[in-house]
Amino acid sequence: MTQSFSGLWPVMLTAFEEDGSLDLPGVDALVDFYLEGGSGGLFAVCQSSEMYELNDDERLTLAARVVARVAGAVPVVATATFGNALDGQAAFVRRMADAGVSAVVLLPNQLCAAEEDEATLWPRLEHMIEATDPVPLGLYECPLPYHRVLSPQLVSRLANTGRFRYIKDTSRDPACIGPKVEAVRGSGLALFNAAPASALASLRLGAAGLSPVAANLYPDLFCWLCDNKDDPRAEWLQARLSMFEA
């Protein structure tokens, strides 16, 4: 719990060989690129990593390789819930924790269906928390297979468990992000915004950092924004990051 969860956390790509197998030296090169750009942490085994196209062994191998390459320089998180029965998902969370990541990310949209509400989701999250104790956890509002944005009230309950370190918010909207930032304040749960269009606004609201797909192209620019949100040039950079995203 002593690692800093702040700054830019790219949602990593995965390098592949021509036959579709993992290109592990290529993964090493990507890690080096992110670190040289100033990244404060890495999110491996995410949507940008083709997580739904990988099998369990590949997910574990990928996460372990990233952890080995960073060699303790920054924290690494990785996803481990892929739609099986809850106890099966919890077992894979433990396996992912054994790969050495700093927190294991849960996908709320893998724990309940799109038509189910947070009253249904909460006890399933409680089950996962209890079944994976004491593994540090994270949350990712992944847009696929359907987009579930968590309420500030649910985020607050999760923060109060003391088990969560990372949440990737994908609402894109400062009006949604602000209440969540307040919900996690002082809890040890760090909120990261996925959207370049609201990057600066979210940082000024108190978000811990950014986790945009565009960081796979120019991580150094997002790192500068994280470190200089009050600089007069930040507005200029924010406007261009919004254009670059398209």
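Contact map, segment 176-188: first residue in contact (Cβ under 8 Å) with a residue 24 or more places away in the chain and within 9 Å of A207 (Cα to Cα), second residue open to solvent by 40 Å² or more (accessible area, probe 1.4 Å) and of a type in the set (A, V, I, L, M), Cβ cut-off under 7 Å, separation 6 or more or different chains; pairs are I177/L205; G178/L205; V181/L205.
Looking only at segment 1-8, decide whether some residue is surrounded by 17 or more Cβ atoms within 10 Å (Cβ to Cβ) and touching a helix residue (DSSP H, G or I) at 6+ places or on another chain (Cβ under 6 Å). Taking every residue of segment 1-8 in turn, at least one turns out to be surrounded by 17 or more Cβ atoms within 10 Å (Cβ to Cβ) and touching a helix residue (DSSP H, G or I) at 6+ places or on another chain (Cβ under 6 Å). Determine, yes or no, whether R233 is surrounded by fewer than 18 Cβ atoms within 10 Å (Cβ to Cβ), touching a residue at least 24 places away in the same chain (Cβ under 8 Å), among the charged types (D, E, K, R) and over 23 Å from Q3 (Cβ atoms). No. Scanning segment 1-31 for residues that are assigned to a loop (DSSP other than H, G, I, E, B) and either of a type in the set (S, T, N, Q) or under 14 Å from D220 (Cα atoms) (or both) returns T2, Q3, S4, S6, W9, P10, T14, S21.
Residues in segment 81-99 that are free of Cβ contacts under 8 Å to residues at least 12 places away in the same chain and assigned to a loop (DSSP other than H, G, I, E, B) were compared, and the one that is least open to solvent (accessible area, probe 1.4 Å) is A85. The set of residues in segment 151-182 that are open to solvent by 20 Å² or more (accessible area, probe 1.4 Å) and in a helix (DSSP H, G or I) comprises P152, Q153, S156, R157, P174, A175, C176, P179, E182.
Conditions (1) closer than 26 Å to S4 by Cα; (2) touching a helix residue (DSSP H, G or I) at 6+ places or on another chain (Cβ under 8 Å), marked per residue:
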| site | (1), (2) |
| --- | --- |
| A85 | no, no |
| V105 | yes, no |
| L111 | no, yes |
| K168 | yes, no |
| V181 | yes, yes |
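Condition check for F82 on (1) within 29 Å of F16 (Cα to Cα); (2) in contact with a strand residue (DSSP E or B) (Cβ under 8 Å, 6 or more places away or on another chain): one failure, at (2).
Scanning segment 196-230 for residues that are out of contact with any helix residue (DSSP H, G or I) (no Cβ under 8 Å at 6 or more places or on another chain) and open to solvent by less than 20 Å² (accessible area, probe 1.4 Å) returns S211, C223. Taking the listed residues Y34, Y52, the one that is in contact (Cβ under 8 Å) with a residue 60 or more places away in the chain, crowded, with 22+ Cβ neighbours inside 10 Å, part of a helix (DSSP H, G or I) and not hydrophobic (A, V, I, L, M, F, W, C) is Y34, with no other qualifying. Scanning segment 105-123 for residues that are in a helix (DSSP H, G or I) and closer than 21 Å to C46 by Cβ, we see that the one that is most open to solvent (accessible area, probe 1.4 Å) is Q110.
For F16, indicate whether it is surrounded by fewer than 18 Cβ atoms within 10 Å (Cβ to Cβ) and among the hydrophobic types (A, V, I, L, M, F, W, C).
Spelling it out, F16 is indeed surrounded by fewer than 18 Cβ atoms within 10 Å (Cβ to Cβ) and among the hydrophobic types (A, V, I, L, M, F, W, C).
The values are calculated or read from the model by the stated rules, or taken from the named source; none is laboratory data. Remember, it's a predicted structure, so these values are computed and weren't measured experimentally. Because the Cβ atoms are built from the backbone with ideal geometry, glycine has one as well, and the counts that use them run over all protein chains shown. Areas reflect the complete protein model, heavy atoms only, side chains present, ligands, DNA and RNA absent. Shrake-Rupley method; radii C 1.70, N 1.55, O 1.52, S 1.80 Å.
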